[in-house]
Structure formats: structure tokens, C-alpha cells
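S.K.: Sharing a structure below in C-alpha cells format, with a few things to ask.
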Amino acid sequence: MLKQLEQAEQKWGGANALVDQWLNNRRKLLVYYCKLAGLAPYENRDKSLPCVDQVRGFCNLLVDYVSEGHFEVFNRVVDACDEQGQSHKALAQQLLPKIVETTDQALDFSDKYSELESDDLLYQLDKDLAELVHALETRFQLEDRMLEVLHNKKAAPTLN
């Protein structure tokens with residue numbers, strides 16, 4: 001996912017301040033995820049569970065990221081696609097419901113873990129993180145498709 005992010009930054013970075021901020025926030029979310037999951041280069045040598053504050057911090061970033069997409073970025077992208085023609089707008093509008101599904105998964109994760117009172121629930125974290133990262137990967141691909149539609153003014157888009 002970090003490699004996909006680097007490609008997105010190379011492709012669309014610098015074109016728009018809002019997109020730059022959004023991609024930067026995606027990077028922060030992915031780095032925090034890697035730390036929480038104990039992935040390279042953030043492996044946890046003693047293989048212990050993360051602390052509750054780390055999980056809450058990740059949940060906060062997750063909610064901020066999906067909220068930013070829905071309340072700041074997506075509407076602007078759809079509006080910009082509308083200016084490029086009906087086919088661009090139609091594709092953007094087809095992608096949005098699929099992105100909403102991933103938002104629901106992210107919010108479910110956050111609801112489950114943001115109000116942790118004890119470490120007991122953390123024993124389910126690895127399984128839940130695996131499911132969440134699958135949803136995030138799907139989301140990032142869909143978001144990148146929206147950005148591609150926005151920046152591809154020449155060809156009429158198609159939905160695969």
C-alpha cells in the first residue's frame with residue numbers, strides 16, 4: 001500500500017493542495033497502521049500487544065482520514081468531474097458507494113477499539129486489523145480511481 005501511495009504522490013502530488021494534504025494524511029495513517037501491526041520497519045521485538053493509547057490514536061487518525069474524504073475531498077472531486085463531462089461524473093458517482101462500504105468498515109473498527117477500557121479486546125486486534133487493511137486497500141484503489149478520473153480529462157472513463 002505504501003508503494004501505491006508513492007505512485008499516487010508522484011502522479012498527482014503538487015497538482016492540488018487538498019489532494020496533497022489528503023495523500024499526506026493517507027501516509028500518516030499507513031505508517032501508524034504499520035507501527036500498530038508491528039510491520040517492518042516497526043516490528044515489536046517482544047511481540048507484545050500495543051497499548052490502548054496507541055490503538056486509540058490509530059482510531060482517531062482513521063476516522064479523520066475517512067471523514068476528510070467524505071466531507072472535503074469527494075464532493076470536490078465529483079464537482080470537478082462534472083465540469084469534465086457526464087461520463088466522468090457518472091464514474092465518480094459509481095465509485096462513491098463502494099468507498100462508503102469501506103468507510104463503514106473503518107468506522108466499525110473505530111467504534112470497537114476507540115473506547116477500550118481494558119486490554120482484553122486487544123487479543124482480537126490482529127484479526128480485526130487484517131480485515132481493516134483489506135478494506136483500506138480497496139478504499140485506496142477506489143480513491144485513486146477517482147483521482148485518475150479527475151486528472152484524465154482526455155478519455156472517457158470506464159468502470160471495471
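The values are calculated or read from the model by the stated rules, or taken from the named source; none is laboratory data. In this text, all values refer to a predicted model and were calculated from it rather than measured experimentally. All Cβ positions, even for glycine, are placed from backbone atoms using ideal geometry, and neighbour counts span all protein chains on display. For accessibility, only protein heavy atoms count, side chains too; no ligands or nucleic acids. Shrake-Rupley method; radii C 1.70, N 1.55, O 1.52, S 1.80 Å.
S.K.: Please work out how much length the chain gains when fully extended from GLN94 to HIS70, using 0.36 nm per residue of separation minus the C-alpha to C-alpha distance, in nm with one decimal.
M.R.: Working: separation 24, 0.36 × 24 = 8.64 nm, distance 1.45 nm.
Answer, rounded to one decimal: 7.2 nm.
S.K.: Same structure, new question: How much solvent-accessible surface does LEU116 expose, in Å² to the nearest 10, with a 1.4 Å probe and all protein chains in place?
M.R.: Approximately 10 Å² for this residue.
S.K.: Provide the solvent-accessible area of VAL100, counting protein heavy atoms only and rolling a 1.4 Å probe, rounded to the nearest 10 Å².
M.R.: The value for VAL100 is about 60 Å².
S.K.: Right, here's the next one. Which label marks the calculated value of P(r) over Cα pairs in 10 Å bins from 0, in percent, given the options [x] 10, 32, 29, 16, 8, 3, 1, 0; [y] 11, 35, 28, 17, 7, 1, 0; [z] 10, 38, 31, 15, 5, 1?
M.R.: [z]
S.K.: Could you pull out the longest piece of the chain with no exposed loop trypsin sites (Lys or Arg not before Pro) in it, calling a site exposed if DSSP puts it outside H, G, I, E, B and it has at most 10 other Cβ atoms within 10 Å?
M.R.: Numbers: sites that count: ARG45, LYS47, LYS154.
For trypsin sites (Lys or Arg not before Pro) (loop position, at most 10 other Cβ atoms within 10 Å), the longest site-free span of the chain is 48-153.
S.K.: Compute, for HIS151, the solvent-accessible surface of its heavy atoms (probe 1.4 Å) with the complete set of protein chains present, and express it in square angstrom to the nearest 10.
M.R.: Estimated to the nearest 10 Å², HIS151 gives 80 Å².
S.K.: Under a point-charge model restricted to the Cβ atoms of Lys and Arg (+1) and Asp and Glu (-1), what is the dipole moment magnitude of region 65-141 relative to its Cα centre, in debye to the nearest 20?
M.R.: Values: 6 positive and 17 negative charges, 106 e Å.
So the magnitude is around 500 debye.
S.K.: May I ask you to derive the relative contact order of region 1-155, considering only C-alpha pairs under 8 Å and at least 6 residues apart, and to give it as an integer percent? Don't skip to the answer; put the middle values down first.
M.R.: Details: 111 pairs, mean separation 40.6, N = 155.
Contact order relative to length: 26 percent.
S.K.: Please give the FRET efficiency for GLN54 paired with GLN7, using the beta carbon to beta carbon distance and R0 = 25 Å, rounded to the nearest 0.05. Write out the running numbers ahead of the final one.
M.R.: Working: r = 28 Å, r/R0 = 1.13.
Efficiency, rounded to the nearest 0.05: 0.30.
S.K.: Can you give the accessible area per residue of region 1-155, in Å², using a 1.4 Å probe? Numbers along the way, then the final one.
M.R.: Working: 8640 Å² over 155 residues.
For region 1-155, the solvent-accessible area averages 56 Å² per residue.
S.K.: What's the local net charge at TRP22, with K and R +1, D and E -1, over the other residues with C-beta under 9 Å away? Please list the in-between numbers first.
M.R.: Values: positive: ARG26; negative: ASP20, GLU68, GLU72, GLU143.
Computed value for this residue: -3.
S.K.: Specify the angular offset, from 0 to 90 degrees and rounded to the nearest 10, of the alpha carbon long axis of helix 125-151 from the longest principal axis of the alpha carbons in the chain.
M.R.: Its long axis makes an angle of about 20 degrees.
S.K.: Of LEU129, LEU30, SER48, which is farthest on the positive side of the dipole of region 1-155, counting Cα position, with +1 on Lys and Arg Cβ, -1 on Asp and Glu Cβ, and the Cα centre as origin?
M.R.: LEU30
S.K.: Using the crude model of +1 on Lys and Arg Cβ and -1 on Asp and Glu Cβ, and no other charge, please compute the dipole size for the chain relative to its Cα centre, in debye to 20. Numbers along the way, then the final one.
M.R.: Details: 18 positive and 27 negative charges, 149 e Å.
Value, rounded to 20: 720 debye.
S.K.: Follow-up. With the full set of protein chains in place, find how many percent of the accessible area of region 1-155 is carbon and sulfur; take the probe as 1.4 Å. Could the numbers behind the result be given before it?
M.R.: Working: 4090 of 8640 Å².
Taking all protein chains in place, region 1-155 shows 47 percent carbon and sulfur surface.
S.K.: Once you list every other residue whose beta carbon is under 10 Å from the beta carbon of THR102, what net charge do they have if Lys and Arg are +1 and Asp and Glu are -1? Each step should come with its number before you reach the end.
M.R.: Values: positive: LYS98, ARG139; negative: GLU101, ASP104, GLU137, GLU143.
Residues close to THR102 contribute a combined charge of -2.
S.K.: Can you pick out the pairs among LYS11/LYS98; LYS98/LYS127; LYS11/LYS112 whose Cα atoms lie more than 29 Å from each other?
M.R.: Numbers: LYS11/LYS98 23 Å; LYS98/LYS127 22 Å; LYS11/LYS112 35 Å.
Going by Cα-Cα distance, LYS11/LYS112 fall outside the 29 Å limit.
S.K.: Measure off 7 Å from each Cα along the Cα-to-Cβ vector at GLU115 and VAL133, then give the distance between these two points in nanometres to one decimal.
M.R.: Here the answer is 2.8 nm between the modelled labels.
S.K.: So what J values fall out for region 54-69 if you push phi through Karplus, 6.51 cos²θ - 1.76 cosθ + 1.60 with θ = phi - 60°, rounded to Hz, Gly and Pro as x?
M.R.: Each residue's phi maps through the Karplus curve to give 5, 5, 4, x, 5, 4, 4, 4, 4, 5, 4, 5, 5, 5, 4, x Hz.
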